[in-house]
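The values are calculated or read from the model by the stated rules, or taken from the named source; none is laboratory data. All values derive from a computational prediction rather than experimental measurement. When we count neighbours, we look across all protein chains shown, and the Cβ atoms used for this are built from the backbone with ideal geometry, even at glycine. Protein only, heavy atoms only, side chains kept; ligands, DNA and RNA dropped before computing areas. Shrake-Rupley method; radii C 1.70, N 1.55, O 1.52, S 1.80 Å.
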Amino acid sequence: MQATPLPLRAAIVDDEPLARARLGRLLAAEAEVEVVAEYGDGASAAAGLRALPVDVLFLDVRMPQVDGFEMLERLPPTQRPQVVFVTAYSEHAVKAFDARAVDYLVKPVAPDRLGRSVERVRAALASQAAPLAHYPDRIAVSDGQRLRMVAVNELECVLAQGNYVELRIGGRGLLVRETMAHVLARLDPRVFVRIHRSRIVRIDEIDQVEPHASGQYVVKMRSGLRVTSGRSYRADLRRALGLPDPA
């Protein structure tokens, strides 16, 4: 017999009363979701959530004085719930990734789209509760007859180059005799995402994402490097960045 999921404790932060009311009605129709708090501005939300922890926060971006991103910065990291941005503007999606959002919804939110968002929140909470896999701080890669140790926190991306892979570190490339699959298996999927069969990128080094032909994206890294995603990996990239689903 399948266990009944625990109720999700949710809070809504939006400066528009009608938007709060509509989202509250939609969430009330979701099974095992309880809206325990509503806030009309970022300052009161930051103060209230310290005293009333929730599982998920449905958060508007543009609000007077304290916007959604600043509101999150006022919460201690240990007190931040899962975050779903709900906004009328699609251009903040990449910045939402920096805030580790689970999802990014564009108003007006359709009920089925909200349902998928709730599922993502549950999956994120389940993953958070599960024992974390250990990923090394340094990885050993074959460099001729030697093994070279590479610091993972310095790795910007991994690019396939024929029978080799190129590790991009500090703006320079290191060619090593490895396979993409072997390198990927040692990288934390919360930090790196495969965007193409021959490209893996560090998520927090992504600066811009531009739609390209046939469902692809051009990904610009903070270093200025530009790489194109593959069609079959577009869902992985959108999920990693909290990008909205295409219409």
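A few comments on the model shown:
- Leading residue at positive end of dipole, the chain (Cβ point charges), from A181, A151, L57: A181
- The angle separating the long axis of helix 17-28 from the principal Cα axis of greatest extent in the chain is about 80 degrees.
- Carbon + sulfur, % of accessible area of the chain - ligands and nucleic acids excluded, 1.4 Å: 51
- Normalised by the number of residues in the chain, the mean separation of alpha-carbon contacts (under 8 Å, six or more apart) gives a relative contact order of 13 percent.
- To the nearest ten degrees, helix 111-129 and the longest principal axis of the Cα atoms of the chain are 60 degrees apart.
- For the chain, accessible area per residue (1.4 Å probe, heavy atoms of protein chains only), Å²: 54
- Among the trypsin sites (Lys or Arg not before Pro) within region 108-182, not one is in coil by DSSP while having at most 10 neighbouring Cβ atoms inside 10 Å.
- Seen through its C-alpha gyration tensor, with square-root eigenvalues sorted a ≥ b ≥ c, region 23-91 comes out oblate because a/c lies at 1.5 or above while a/b is not bigger than b/c.
- Rounded to the nearest 20, the Cβ-based charge dipole of region 11-74 about its Cα centre (Lys and Arg +1, Asp and Glu -1) stands at 100 debye.
- Separation between Cα centres of region 19-64 and region 215-234, rounded to whole Å: 33
- FRET efficiency estimate (nearest 0.05) - Cβ-Cβ, R222 to R9, R0 30 angstrom: 0.25
- Antiparallel DSSP beta bridges within the chain, as percent of all bridges there, nearest 5: 65
- Overall form of region 110-247 per C-alpha gyration tensor (a/c, 1.5; a/b vs b/c): oblate
- Segment A140-L175, length gained on full extension (0.36 nm per residue, minus Cα span): 11.3 nm
- Using just its DSSP H runs of length 4 or more, each adding -39500 (n - 2.57), the chain gives a mean residue ellipticity at 222 nm of -7500 deg cm²/dmol after division by all residues.
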